[in-house]
1. Within the group 104, 86, 41, which residue is modelled with pLDDT under 95 and either surrounded by 14 or more Cβ atoms within 10 Å (Cβ to Cβ) or not charged (D, E, K, R) (or both)?
2. Could you tell me which of the residues 52, 75 is within 16 Å of residue 25 (Cα to Cα), in contact with a strand residue (DSSP E or B) (Cβ under 7 Å, 6 or more places away or on another chain) and not hydrophobic (A, V, I, L, M, F, W, C)?
3. Do we find a residue being part of a helix (DSSP H, G or I) and over 11 Å from the mean Cα position of the chain (by Cα) anywhere in the range 40-52?
4. When you scan the range 7-31, how many residues do you find that are surrounded by fewer than 14 Cβ atoms within 10 Å (Cβ to Cβ) and either of a type in the set (S, T, N, Q) or more than 14 Å from residue 85 (Cβ to Cβ) (or both)?
Amino acid sequence: MITPEGLKAVAAYAYGIGPNKSSLWTDATPTTLVADAHAAGLRVHPWTYRAENYFEPTRFRRGTDPAAHGDIAAEIDAGLAQGIDGFFTDFPLYGAQARDRAQGTARAGVK
């Protein structure tokens, strides 16, 4: 359902999609999921951004302790830079700060 054709079918009955955040990336390269969903008229709200290294992609981990916090702010920023419309997180402070940074950038006319 996350192919361009599948997303067009989903758009017939849904406002948006809530994919696992890992669907946004192939290694460190963005997939076309966000652009494809937007082209189909869908909003994208991935889940769940968590700070613990265990849940972070390798490039956002800090140290070797799986329970230690990685760089969740950078991970959310990377998703927002792809154009996600919202997100789920277990760390609302980091999420609100990322949202505010993205909105400030948008207001300043920076793309």
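1. Values: 86 fails: modelled with pLDDT under 95; 41 fails: modelled with pLDDT under 95.
When all the criteria are applied, what remains is 104.
2. Only one candidate passes the filter, namely 75.
3. As a first pass, look at the range 40-52 and keep what is part of a helix (DSSP H, G or I): none.
Taking every residue of the range 40-52 in turn, none turns out to be part of a helix (DSSP H, G or I) and over 11 Å from the mean Cα position of the chain (by Cα).
4. Matching residues across the range 7-31 total 9.
The values are calculated or read from the model by the stated rules, or taken from the named source; none is laboratory data. None of these values were measured; they are calculated from a predicted model. Positions of Cβ are generated from backbone atoms using ideal geometry, with glycine treated the same way; all protein chains shown enter the neighbour counts.
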